Amino acid sequence: MAIGTLGIILGVLLVLLVLGVPISYAIGIASLSAILPIVPPEISVVTAAQRTFVGMSKFSLTAIPFFILAGNLMNQGGIAKRLVDFVMALLGKLPGALLVTNAGANGLFGAISGSASAAAAAVGSMVREGQEEQGYDPALCAAANGASAPSGLLIPPSNALITYSLASGGTSVAALFLGGYVPGVLWVVCCMLVGVILARKQGYSGTRRRFDWRGLIRAAVRALPALSLIVVVIGGIVGGMFTATEGSAIAVVYALVLGILYRNITFHSFWKIVTDSAKMSGMVVFLIGVSNILGWVMAFTQIPQAVSDLLLGITDNRYLILLIMNMILLIAGTFMDVTPAILIFTPLFQPVVESFGMHPVHFGLILVYNLCIGNITPPVGNTLFVAIKVGNTTLTKTMPYMLRYYAAILAGLMLVTYVPFLSLGLPRIAGLI
C-alpha cells in the first residue's frame, strides 16, 4: 500500500507540475488523490484542512516572513556594491580577480538577502562594468555568477535551513545555522578555484597594482554595517540571547535602519518591499501548511518506513545509500524549487539516515546543498537564467563553463556528505549538539 500510494503522489504531482499548476496546490491535490481511496472523503478532506491550518499556525514560522522582509530591505538598501568593493580589495590580486570577487560577493550577499536569484542579479550587475572594461568573456562571467549565487542559501540566516528544521521535527535552528557556514564557504571556495583555473587558461590576470591596505580598510569599513547583520543575528541566536524568530525581527529593524542611513529606502519603496515580502511569505507559509497534508498521508500509509526498507533492502552500505539519495535529490532539484523539495524529501529520507545514526544537522545540510544545485541546472534553474540575462549572453555559450563549475560543486557535495565534521564541527565546538 505504501509504495502504491507514493506512486500515486509522485505521478499526480508530476502531471500537475507539467500542466503548470502552482506547487502548493499540486502537493495538496496529489496528497488527497492518494488518500481518498483509503480514507472516506468526509474524513480525509476535513483532516487535510485541519492539517493545513495547524501547519501554518506554528509560531516558529514567523521567522520566515521576517527574514524574507529583512532580505528584501537589504536588496533595496544598496549594499551589493559595498560587498563587491570589499571582496575586490581583498582578493583582487588573484588571477581572474573578477570571477573570484563575484563568487565571494555572492556568498556574502546571498547570505544577507536570502535569495540566490537576488544575489545573481545584484552582484552580477555590479561586476558587469569591470567585465566589459577588462575584456572578460560574458559567458564565463555569467557562469561564475550563477554557479556561486546559491552558496548564500547555506550561509545563515537561511530560510531553507529553517524550513528543514520544521520538516524534520524541530532540529535546532542554531545548530543548523552554525553548521551551514563550512558547507557554504566550501561552495564559494570551489567556485573560486574554478575561476582561477579558467582565468589562467584564458589569460585573465589580477590587478597589477600593489596590495593596498588602506583601500582594503576603507572598503571593509564601508561593508562593515552590512556584514554586521550576520554577526548580530547569528551571534545572538547561537549565543542564546534570542531565538531564531526574535533574531529575524531584529534583522528587519537592522536592515531598515541601514537602508534609511544609506538613503536608499523611501516611503514608496518601503511600501513596495513590504507588499512584495507579504506575497512571498504567503506563498511560502501556505506551501508549508499544505505540506502537512502530505506529511499526514505519508505517516498514515507508512511511506517513509517503506522507502527506508526499500533502500536498506538494496544495500546495507551507508555510503552507497547516501550516494543513491544524492542522485535522487540532484534529479529532483532540477525540476523543483528548494522549499517544496525539502518538505517532500525530508520525511522520506530521514528514517533512512536515522537507521545508521546520521545526525539530523548533517542530513539537513546534505539535503539543502543538494537541492541548491537545482537553482543552477536546467530546465528550472532560475538562478542560472537570471545570471545569463544579467550577463547578456546565452545558455549555449554559458554551459561549457558551467560544466567545470558543476564538477567542483559536486566535489564539495561529496565532501559534505562523507565528512561529517564539515557540518557538525562548529555546532559541536559551540556545544549545540
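Only the coordinates and a few stated rules stand behind these numbers; no lab work does. Not measured: the values here are computed from a predicted model. Every residue, glycine as well, gets a Cβ built from its backbone with ideal geometry; the counts of neighbours run over all protein chains shown.
List the longest stretch of the chain that has no exposed loop site; here a site is one of the trypsin sites (Lys or Arg not before Pro) assigned by DSSP to anything other than H, G, I, E or B, with at most 12 other Cβ within 10 Å.
Result for the longest clean stretch: 1-207.
How big is the gap, in Å, between the Cα center of the stretch 219-292 and the Cα center of the stretch 86-111? Distance between centres, Cα-based: 23 Å. For Lys389, a cut-off of 20 angstrom between C-alpha atoms picks up these aspartates and glutamates, skipping any fewer than 8 places away in its own chain: Glu129, Glu132, Glu133, Asp137, Asp337.
Normalised by the number of residues in the chain, the mean separation of alpha-carbon contacts (under 8 Å, six or more apart) gives a relative contact order of 27 percent. Residue by residue, the stretch 349-354 carries 3J(HN,Hα) couplings of 9, 4, x, 5, 6, 5 Hz when phi is fed to the Karplus relation 6.51 cos²θ - 1.76 cosθ + 1.60 (θ = phi - 60°); x denotes Gly or Pro. If you average 1/r over every pair of different alpha-carbon atoms in the chain and take one over that average, what Kirkwood value in Å do you get? Final number for the Kirkwood radius of the chain is 22.3 Å.
Return the inverse of the average 1/r over all pairs of distinct C-alpha atoms in the stretch 279-325, which is the Kirkwood hydrodynamic radius, in Å to one decimal.
12.8 Å
Spacing of the modelled spin labels on Thr275 and Val189, each 7 Å from Cα toward Cβ, amounts to 4.6 nm.
Each Cα pair under 8 Å and six or more residues apart adds its separation to the average, and for the stretch 194-301 the resulting relative contact order is 13 percent.
What translational diffusion coefficient, in µm²/s and rounded to a whole number, does the Stokes-Einstein relation yield for the stretch 334-433 at 4 °C and a viscosity of 1.567 mPa s, taking the hydrodynamic radius as the Kirkwood radius over Cα pairs? Don't skip to the end; give the middle numbers.
Working: Rh = 15.2 Å.
The calculation lands on 85 µm²/s.
In terms of Cα to Cα distance under 21 Å, which lysines are near enough to Lys279, apart from those fewer than 8 places away along the same chain? Reachable lysines: Lys58. Summing Lys and Arg as +1 and Asp and Glu as -1 over all other residues whose Cβ lies under 11 Å from the Cβ of Asn145 gives a net charge of +2.
Loop-located chymotrypsin sites (Phe, Trp or Tyr not before Pro) across the stretch 25-129 with a Cβ neighbour count of 12 or fewer within 10 Å are lacking, with loop assigned by DSSP. Remark: the stretch 51-60, residue by residue, has Karplus-estimated 3J(HN,Hα) of 4, 4, 5, 4, x, 8, 9, 6, 4, 5 Hz, where x stands for each Gly or Pro and the curve is 6.51 cos²θ - 1.76 cosθ + 1.60 at θ = phi - 60°. Take the Cα radius of gyration of the stretch 355-410 and divide it by 2.2 N^0.38 Å, N being the number of residues; the result is 1.44. Compute the label zone of Gln305 within the stretch 344-387: residues whose backbone N is under 15 Å from the point 7 Å along Cα-to-Cβ. Residues passing the 15 Å test: 348, 351-352, 355.
Here the scattering of the stretch 245-325 is modelled by Debye summation over its C-alpha atoms, one equal scatterer each and no solvent; at q = 0.24, 0.25 Å⁻¹ the log10 of I(q)/I(0) is -1.13, -1.15.
In order along the stretch 136-142, the Karplus-derived 3J(HN,Hα) couplings, from 6.51 cos²θ - 1.76 cosθ + 1.60 at θ = phi - 60°, round to 6, 5, x, 5, 5, 5, 5 Hz, and Gly and Pro are given as x. In the stretch 74-191, Cα pairs under 8 Å separated by at least six residues give a relative contact order of 27 percent. In this structure the amide hydrogen of Met336, modeled in the peptide plane, comes within under 5 Å of no amide hydrogen from residues 5 or more places off or on another chain.
Given the DSSP H assignment, sum -39500 (n - 2.57) over each helix run of at least 4 residues in the chain and divide by its residue total; what's the result at 222 nm in deg cm²/dmol, nearest 500?
Taken over the chain, the calculation gives -26000 deg cm²/dmol.
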